[in-house]
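Asks: First, the structure itself, so that you have it in front of you.
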Amino acid sequence: MTTLFGYTSVMPIAVPKKKKKRSLLPLLTVLFLFSYGLMTVLIVQQGSVIQSQRNLIKVLTRDSTELWMGKGKAIGDQQTARSRAQSRAQAPSSQAPSSQAPSSQAPLSRVVPQRHAQSRTGKVLPPVPASDLVDRRRALTSI
């Protein structure tokens with residue numbers, strides 16, 4: 001206000017209007033809440049996936065164990081059948097009479113000289129026929 005010669009007059013002063021600053025706080029709050037909600041859903045889904053994978057591993061382990069037990073039983077059955085067959089084959093040959101005349105024909109399968117190999121258990125293994133020998137030049141070696 002100015003006072004001139006006793007008169008009071010009001011002069012308008014041009015004041016620029018202040019623009020309202022928009023606050024980003026409400027928008028950021030909504031975005032953070034939305035992202036935390038998505039993260040919570042992700043964690044719950046991940047937990048259920050981990051649980052289903054754990055159950056699948058248990059089932060597969062049980063199946064694998066059953067398969068290995070079946071294979072072990074089959075191998076054991078084969079070994080017992082093989083040992084029974086070998087014992088049956090050895091029993092008649094040891095009791096066979098030697099009254100047969102020597103044959104003029106050569107035997108079909110030549111028997112390797114009487115080197116009896118020792119097995120891991122210490123048992124003496126029977127001689128190996130020549131037909132069972134492997135040509136080492138043609139043997140497949142794999143790593």
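The values are calculated or read from the model by the stated rules, or taken from the named source; none is laboratory data. Keep in mind the model is a prediction, meaning the values are calculated, not measured. A quick note on method: Cβ atoms are made from the backbone with ideal geometry, for glycine too, and the neighbour counts reach across all protein chains shown.
Asks: Checking the conditions here, which among S94, S103, S98, S109 is in contact with a Ser or Thr (Cβ under 7 Å, 6 or more places away or on another chain) and at pLDDT below 70? Even if it seems obvious, please write down each step before you answer.
Replies: Details: S94 fails: in contact with a Ser or Thr (Cβ under 7 Å, 6 or more places away or on another chain); S103 fails: in contact with a Ser or Thr (Cβ under 7 Å, 6 or more places away or on another chain); S98 fails: in contact with a Ser or Thr (Cβ under 7 Å, 6 or more places away or on another chain).
Just a single option satisfies the conditions, and that option is S109.
Asks: Find the residue count for the stretch 36-90, including only residues that are over 30 Å from P127 (Cα atoms) and of a type in the set (K, R).
Replies: At the first step, the residues of the stretch 36-90 found to be over 30 Å from P127 (Cα atoms) are 36-70.
Among the residues that remain, those that are also of a type in the set (K, R) are: 54, 58, 62.
Residues flagged as over 30 Å from P127 (Cα atoms) and of a type in the set (K, R) within the stretch 36-90 amount to 3.
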